[in-house]
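Input: a single structure, listed below in structure tokens.
The values are calculated or read from the model by the stated rules, or taken from the named source; none is laboratory data. Remember, it's a predicted structure, so these values are computed and weren't measured experimentally. Cβ atoms come from the backbone with ideal geometry, glycine included; neighbour counts cover every protein chain shown.
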Amino acid sequence: MSEDKAETNRSMFFAAAISLAWALHPVNLTNVLYIVQRMNSLSALFVLAGMLSYIKGRTSLDLAPLKGWLLMAASIFLFLPLAWHCKENGALLPLFLFILELTIFRFRGLEDRQRKGLYLFHTLFFLLPSLLAVIYILQHAGMFHNGYGNRYFSLMERLLTEPRVLWLYIRLILLPIPSAFGLFHDDIAVSVSLTEPISTLPALVGLAGLFTVAVISIKRAPILAFGLLFFLAGHLMESTFIPLELAFEHRNYLPSIGLLLPLFYYLGYAGEPGKYARTRIALMIILILLFSLQTHFRAWQWSDNVRLYLTEAIYHPNSPRANYEAGKVYGQRLERGQGDPQINYREAIKYFERNTSLRGNTTSGLFGSILASIDSGNKVNPEWINDLEQRLNSHPLEQVNLLWLDKMTDCISRGECRKEDMQLPRLLKAAIGYSKASSKNKSMSYAIFAKYTYEVEGNRREAVELARKAVSIMPSHLYHHLNLVKYLIGADQLLEAKKTLESVAKLDVYGQHTAEITRLMKTLGNKQYTVVFPQPQPIPNGSGN
């Protein structure tokens, strides 16, 4: 076998090994099984395609300049928009290209004219856009700062905590122990200063050290430099100032390449080809098999919701969400009449109360405890109502709470719950009274209050006034308008009901509420209140995030 062919085979083996390690690594499982994050996988696909297009173009610049520039331009004008529209962190592609050039190509191997063109390329598509982005962020700092109103941590606390989070990610990638993985990771203590918790400052210094190692390794160890810079750059958007949750494993889908690439390169490819070849190959195979087994075990956990959430609560006993989901497992058993009701009730309350005690702003566990008590025939603890009222009035409303409040209204309306146990008016007034409540949450709280007033209290005129407030806060939400029509009809205010229904019909250009509008029109029961529907338009394709 010729030396060139042996080197080619060696390169192909290494490429296959690193690809398998990345594809089978357990840290990437949530990108597949957590369905909403498949957009992250699609974005990563276009980022990698953009990098490949750049590499192909860059290596063609000296012999076929036109082909080279076209391929490099495709990475910006084709793959960047595709990656960005799948998920916003696809906008990091120009940064990845710059890191690729800085560490691997190093602006070398070109004539002066081509090198100047390369400098211009990265100036136009990376340096200038980055400068404009920084200016925009500084000018709109309040917009990002306001996003923390619904978080249990501040901007500064997030910035202090994220270095510790990044070290958690590094541990998950290089030492994937099953108990360290999790769906939520909301059991991470928030860093309130450089010394609290004590690991904050070492984590920050350690990251600075990694960055320093990457910079000084550009000449002597370019693969290591590329990997470290790629990992850090991959977290630049989701692990800095943007008011997102503190940690999620799916954020490592692309960045994990930055750690796995140098690991496998120096383990199986760098150095003399024949030296310890079998040992190095065996080590790579063992690592890939370990990753595969871990991924298989996690997939088995995810194959059953009960197993998943109870395991999460065992592995992460200080996670509010894990405890809430575990409590919900037993609460659903109560609701469905499965198993021993007393055991289910006891376990549900145990997890719900742990959820409540772990974080002062969470309310889900209190809602869960109240409904579990009702489903099991146990008395509702008045202290739960008092605590819930206080939390709703002083902390952001969790989205699931709106579902709980609506469910409690239905329970009372059907006669399955006693309204004295629920104290819904107190809870709804507390939620509405929160000074920093979002328009969406406040409008939905008014809508549920109107429903309770109409169906439980039978006060139709008051229900109309509450529904009007929901409409005034979120006039673009046709659901609120339709509820107002329903209550207007019940209050015999038919003329206003007719006018409101006609305006809703005109606004419903996509025909999404046609069935409900038709039902309400029939309820009016008079031909003079005929509503004219607009011609339905096709619903445009939207993009989630």
Need pairs with beta-carbon distance below 8 Å; first residue assigned by TED's automatic domain parsing to the domain that holds residue 189 and within the stretch 355-370, second modelled with pLDDT of 90 or more and part of a loop (DSSP other than H, G, I, E, B); sequence gap 6+ or separate chains.
none
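This table checks each residue for (1) on the phi > 0 side of the Ramachandran plot; (2) among the aliphatic types (A, V, I, L, M); (3) in contact with a helix residue (DSSP H, G or I) (Cβ under 6 Å, 6 or more places away or on another chain).
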position: 408; (1), (2), (3): no, yes, yes
position: 424; (1), (2), (3): no, yes, yes
position: 433; (1), (2), (3): no, no, yes
position: 440; (1), (2), (3): no, no, no
position: 448; (1), (2), (3): no, yes, yes
position: 451; (1), (2), (3): no, no, yes
position: 456; (1), (2), (3): no, yes, yes
position: 461; (1), (2), (3): no, no, no
Mind checking which residues of the stretch 314-324 are within 13 Å of residue 354 (Cβ to Cβ) and either β-branched (Val, Ile, Thr) or surrounded by fewer than 22 Cβ atoms within 10 Å (Cβ to Cβ) (or both)?
314, 317, 318
Go through the stretch 361-402 residue by residue and tally those that are under 22 Å from residue 434 (Cα atoms) and either more than 22 Å from the chain's Cα centre (by Cα) or surrounded by 16 or more Cβ atoms within 10 Å (Cβ to Cβ) (or both).
27
Checking residue 483 against (1) over 15 Å from residue 447 (Cβ atoms); (2) assigned to a helix (DSSP H, G or I): exactly one of these is not met. Which one?
(1)
Can you spot a residue in the stretch 462-476 that is surrounded by fewer than 17 Cβ atoms within 10 Å (Cβ to Cβ) and within 28 Å of the chain's Cα centre (by Cα)?
yes
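What residue, of 31, 9, is surrounded by 16 or more Cβ atoms within 10 Å (Cβ to Cβ) and part of a helix (DSSP H, G or I)? Give the steps one after another, and end with the answer.
Numbers: 9 fails: surrounded by 16 or more Cβ atoms within 10 Å (Cβ to Cβ).
Residue meeting the stated conditions: 31.
Of the residues that make up the stretch 40-50, is at least one over 23 Å from residue 249 (Cα atoms) and either touching a residue at least 40 places away in the same chain (Cβ under 8 Å) or charged (D, E, K, R) (or both)? Steps first, please.
Taking the stretch 40-50 first, the residues over 23 Å from residue 249 (Cα atoms) are 50.
Narrowing further to those that are either touching a residue at least 40 places away in the same chain (Cβ under 8 Å) or charged (D, E, K, R) (or both): 50.
Yes, because at least one residue in the stretch 40-50 is over 23 Å from residue 249 (Cα atoms) and either touching a residue at least 40 places away in the same chain (Cβ under 8 Å) or charged (D, E, K, R) (or both).
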The correct count of residues that are surrounded by 11 or more Cβ atoms within 10 Å (Cβ to Cβ) and at pLDDT 90 or above in the stretch 137-152 is 1
Does residue 110 satisfy the criteria of being in a helix (DSSP H, G or I) and either within 23 Å of residue 231 (Cα to Cα) or in the same structural domain as residue 65 (by TED's automatic domain parsing) (or both)?
no
Among the residues in the stretch 100-107, are any part of a loop (DSSP other than H, G, I, E, B), of a type in the set (Phe, Trp, Tyr) and closer than 21 Å to residue 74 by Cβ?
yes
Taking only pairs six or more apart or across chains, which ones have beta-carbon atoms under 8 Å, a first residue in the stretch 313-327 that is closer than 18 Å to residue 361 by Cβ and without any contact (Cβ under 8 Å) to a residue 60 or more places away in the chain, and a second residue that is outside any helix (DSSP H, G or I) and not small (Gly, Ala, Ser)?
323/317; 324/362
